[in-house]
Amino acid sequence: MSSTMDPPIYYSRSEYIETDTGNKVSRRATIAGPQNIVLGGKTIISSGAIIRGDLRRTGPGHTVVIQLGRYCLIGEGCIMRPPYKTFRGAFNYYPMKIGDHVHIGAGSVIEAATIGNHVEIGKNCIIGKFTIIKDCAKIADNTVIPPNTVIPTFSRFAGSPGHFIEDLPESTQEMVEAQTKQYYTRFQPLDRQ
Amino acid sequence: MGPSVQYHCPCLSTSPVPPPPHLPSSLHHFHPLHNLFFCEECDAVRCNRCVAVEVSTYYCPNCLFEVPSASVRAEKNRCARNCFSCPNCRNTLSVVSSDPPETGDGRSTAPLNSSGEPPFFLYCNHCRWDSAEIGITFEKPTGLAAQLQKYEDSAPDSLEFDRLKDHFEPFLRASSLSSSMAVHAALPGSAAHSHHLHSTSITAAASAALARDIPGVAKYNPLSRSASGRAHRDRTANKDEMPEYKGRVEIASVGLLGGGGGDVEVDFMRRLRDVQSVASVEQRWGNSWAGTLQVKDLKPLRIPLHSKRSKRCPACTHILIKPEQKAQSVRYKIKLVAANYLPAITVALPHLQKPIATSDAAKRTLMKISPQSIDDGTTPPGLIAGKTYPFHLALTNPLYDPIQVRLSVQRVHVTAATPGVGEKARRPPFAISLPTSPFPIAAFAEAWEYEDDEDMMVDDDDFGAGGVKGRDKDGRGKAKTVGVLERRANVTLIGGEVIIGKEARGNVKFNMLVTYTYRSDDSTPSEGDGDVPKSSKPPEVKSFAFYTVVDLGPIIPREEPRMETDA
Ligand SMILES: [Zn+2]
Ligand SMILES: [Zn+2]
Ligand SMILES: [Zn+2]
Ligand SMILES: [Zn+2]
């Protein structure tokens, strides 16, 4: 549960680049194909994260490969890779869309097609290709979600393969929103570097 | 788990006062604030244990199709489309065609929902089980449940279930009619209604607990009022009127029909080479029939439906929760949650709160600025017996009006001591100090939320004060420990102190009564509001009280080697 008294989380100012819209991106993160990645604002990309915006659909023109909403957190060492499949003989990557207030714990590998708003994904999870995670869902630490899984709203999943465990409370949306906003506030630069 | 605060729902007892925190029953009386509801009509907290539940929408958790309640029963609470779970690992199965395998990137991924070559089969992309192994294939990749219908209908468990239903149907219809008339005759008016609702929710909880031990029953039986009402009546009705039920098959012959049984199983076990070929309890748990022990005979099951539920106050039947009809909408038409009425309380132990550094560089800088704030591993992760600690309570006001809050600690019972200890343990294990006079919390305003607009810049200094600088003051300034420490927006920070006895054991856990008063018109509360008796107050001043349990964490006994740090 979030607390108004949670201690600050300090980063050294030199490590992070802050954008006009308040995104904070670690210089130690690997952002491949940045022109194909959209960050919604006040989203944090932690050190060691790998975001594969370069794995784009074949064909001409500009495409969005990975889209992240506002107040998201991509934890340390996370890998975000768009899903792929061979359809009617043609191999292709497909875009990944992630909503607002989505936190992804350290060391997780994400190949989902869509993740809704107010979603929490724990540490060291594997979210398989083309997974669809609906709003207000929660994935426990160390969960393995096989490809093509659908995770409905207000459900908590855990295990390998991930199973439905329980319904989440009706106020999940408000709780997650408060938590992600607070995390962004606690995430502060420390100077004198 | 750090220190926590939980809120009381008085539904389990006749007394409004919760049991002492050291009793095991305490656990069942308290809930996280965000799991509680609030009935405006009764001016009372409600929890998931006491509310009456009604299903408003059924849907399949995989294909997300909404199922009309009329067909839920006929389809046996499971998806009647294409959704099956793996009999081996319970993962959702995919429909795949018999196309030649992919050569593309060298990875062997089965093509999905392809319009390829028949026959089609079900495939698990987690454990690689496939339905062709047990001889289940399909001509078309759609309507799989319908294609399997004939197997399902002829299975011994569904035949037996149909027979049971036919047997009990007339009896249930007759008894439900008579018992509902009896209730209304005995308790006329609204009292009857509330009593009836209350007892059904209690019996529903009880029958749900009992049903958990019957495979296939608990999970797929939604806790609807009609169902729970029936369970309740069963017990009161006269069972002698029922004719004796005769099973469809003689139990002795079940083994011969391939449904398991002594000799067949003994024979199977005798030839067993690989323990993996024995189906685990987990794999058999969802089956409603005492079936085979062998993994190779397990069948895929249609995925059980999920439901969206409305919740009603058990006393006045007003709706507390009403979700939007659409299965995947997260909005509610009615949502009366306690967090919108009661102040949110969080607790922290300042001596354990260390700022987090995301990198070594940040840690080094932090060390230079405030060395004492770094966790150097010397601070024991808890409370040491015989010492005194400050603790902080942050109270957040969710109301648009300011409130006056008064806290009082329920006396710590001496009986809390561990059994078998002598005279010394007669003393309470710890003592809590909290401010006794009421204190204000400012009204909630949308602006406090640090709203999304980009122009709302966050002032770093503001928040720094709560971190490093605040700690400095605690460390050497000998600032006030007990009392109001800080007021910021709609949050008031309260300091408390705990003195732990030398022989204390267990957790520092105490019940705390929170009383708050608010006025709806006047927005300038004066000092001492809470001290004036309620009767002399103008009618627009209201007061509400609720119990919480505060757990500061375990006490570390003095004998432990960690004690060397105690000066
Ligand atoms: Zn209750
Ligand atoms: Zn389905
Ligand atoms: Zn499987
Ligand atoms: Zn009520």
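Quick notes
- Per residue, the accessible area of chain A comes to 39 Å², computed with a 1.4 Å probe over protein heavy atoms only.
- Mean residue ellipticity, 222 nm, helices only, chain A: the sum of -39500 (n - 2.57) across DSSP H runs of n ≥ 4, divided by residue count and rounded to 500, is -2500 deg cm²/dmol.
- Computed over chain A with a Gaussian network model linking Cα atoms closer than 10 Å, the most mobile of A:39, A:55, A:168 is A:168.
- If you sort B:367, A:80, B:242, A:5 by accessible surface, 1.4 Å probe, largest first, the order is B:367, B:242, A:5, A:80.
- Over all other residues within a Cβ to Cβ distance under 9 Å of residue A:111, the charged ones net out to +2, with Lys and Arg as +1 and Asp and Glu as -1.
- Accessible surface of chain A, 1.4 Å probe, proportion on carbon and sulfur as whole %: 51 percent
- Between the amide H of residue B:22 and any residue lying 5 or more places away or on another chain, no distance stays under 5 Å, with hydrogens modeled in the peptide plane.
- With 40 Å² as the minimum drop in accessible area between chain alone and full protein complex (1.4 Å probe), the qualifying residues in the stretch A:139-157 are A:146, A:148, A:150, A:152, A:153, A:154.
- Residue-span extension gain [residue B:542 to residue B:147] - 0.36 nm each, minus C-alpha spacing: 135.9 nm
- Cα shape, chain A, gyration tensor, a/c 1.5 rule: oblate
- The accessible-area ordering, largest first, of the residues A:27, B:49 stands as A:27, B:49, per a 1.4 angstrom probe.
- Computed from phi, the 3J(HN,Hα) profile of the stretch A:174-190 under the Karplus parametrisation 6.51, -1.76, 1.60 (θ = phi - 60°) reads 5, 5, 5, 4, 4, 5, 5, 5, 5, 4, 4, 5, 6, 7, 10, x, 10 Hz, with x in place of Gly and Pro.
- Contact surface A-B: accessible area buried, both sides summed, square angstrom, 1.4 angstrom probe: 5000 Å²
- Shape class of the stretch A:69-115 from the alpha-carbon gyration tensor: oblate, with a/c at 1.5 or above and b/c at least as large as a/b.
- Nearest-0.05 FRET efficiency for residue A:64 and residue A:13, computed from C-beta distance (R0 22 Å): 0.15
- Comparing A:179, A:35, A:67 in a Gaussian network model of chain A, where Cα atoms under 10 Å apart are tied by springs, the biggest mean-square fluctuation is seen for A:35.
- Three-way shape label, the stretch B:305-347, alpha-carbon gyration tensor, a/c 1.5: oblate
- Gain in span if fully extended, residue B:367 to residue B:28, counting 0.36 nm per residue against the direct Cα distance: 117.7 nm
The values are calculated or read from the model by the stated rules, or taken from the named source; none is laboratory data. Everything numeric in this text was worked out from a predicted model, so none of it was measured. Here Cβ is always computed from backbone atoms with ideal geometry, including for glycine, and neighbour counts include all displayed protein chains. Ligands, DNA and RNA are stripped out before the accessible areas are found, and what is left, the full protein with its side chains, is counted by its heavy atoms. Shrake-Rupley method; radii C 1.70, N 1.55, O 1.52, S 1.80 Å.
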